[in-house]
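The values are calculated or read from the model by the stated rules, or taken from the named source; none is laboratory data. These numbers were taken from a predicted model, which means no experiment stands behind them. Neighbour counts run over all protein chains shown; Cβ positions are idealised from the backbone, glycine included.
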Amino acid sequence: CLDSNGELHKFDSQWRDPDCNDCSCFRSGISCCTSFATPVGYDEEKCISIFNKETCSYKVVEKDNPSKECPVHSWVG
């Protein structure tokens, strides 16, 4: 399989791409899906979500005090 970055992958192989998608190569083609959940149930007035590409995860922190995490009640992914 040839991925969107021009890299070849063997059939029945799996990898994580630079955009944090988990991908698989099949004889019928490539299948990819996100490897992370996105926060949706938090106080968007007070807090902001920050994506970390190294860990492929979100952190939700207060806008005025980024050292303080905000509670998240719902995630989608």
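Points worth noting:
- Wholly enclosed strands (runs of 3 or more DSSP E) of the chain bearing at least 1 residues among the β-branched types (Val, Ile, Thr) and free of Cβ contacts under 8 Å to residues at least 24 places away in the same chain: 47-52, 57-62
- For segment 56-63, the condition of being of a type in the set (Asp, Glu) and at pLDDT below 95 holds for none of the residues.
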